[in-house]
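A short worksheet on the structure shown next.
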Amino acid sequence: MPRSRRATKSIALATAIAGCCLALAGCSMTNPQETQSITAAVPGVQATVGPLEANNLAIVSAGNAGTGTPSPDAPGRLTGGLYNSSSSPVTATLSTQSSNTLDVTVPPNGQVLLGDDRSVSDLSSSGAIPGAMTTVRIQTGSSSQDVLVPVLDGTLAQYRQYIPTPSASTTTAKATGSGSPGTATPTPSASATR
């Protein structure tokens, strides 16, 4: 029995639609979903060390330290946040390449914000010129991790408030959440090692 033209057109149309659907489905099989890639929305970096989550870590540098030329020895301020997901206080030691050490106690299920108006984390040296990266070691107990942290300056207006002043010598960090307030105590060193 011969097929009618109408039946032949219907079969051809159904085959074309099925082919288009397979072609479009193939695109999603070979290309990763963008929502699967999580990237930071800010220049700072993230790291997890034991129960501690470090978010948006960056160093804001005084830049040229009065010389007119960018200097890795210019004072800096560590910014970002530390969150403790455990039910016990966690003391984190943050060490820079420029021999600065900062001890921060983060309360249980709480956080410490570094670099805001009431919780500055001044460093005697940024460790790198603005626009470069420097290594910061984060240590909690026996766990540690080295992270590359961007060094920023006041080029972008939102970072100008964090530019350190040379007279700042002590640091107190603000803690939120339950537990006692966190404290940060830097021990800057005049010598720089790279």
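The values are calculated or read from the model by the stated rules, or taken from the named source; none is laboratory data. As the structure is a computational prediction, the values presented were derived from the model and not from experiment. All Cβ positions, even for glycine, are placed from backbone atoms using ideal geometry, and neighbour counts span all protein chains on display.
Take the conditions modelled with pLDDT of 90 or more, small (G, A, S) and assigned to a loop (DSSP other than H, G, I, E, B) and apply them to S71. Does it pass?
No: the conditions fail for S71.
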If you scan region 49-72, which residues turn out to be surrounded by fewer than 18 Cβ atoms within 10 Å (Cβ to Cβ) and either over 13 Å from the mean Cα position of the chain (by Cα) or in contact (Cβ under 8 Å) with a residue 60 or more places away in the chain (or both)?
N64, A65, G66, T67, G68, T69
Residue check for L113: within 19 Å of V45 (Cβ to Cβ), among the aliphatic types (A, V, I, L, M) and out of contact with any Lys or Arg (no Cβ under 6 Å at 6 or more places or on another chain):
no
In region 92-132, residue farthest from L57 (Cα to Cα) [restricted to those that are of a type in the set (S, T, N, Q) and in contact with an Asp or Glu (Cβ under 6 Å, 6 or more places away or on another chain)]
S125
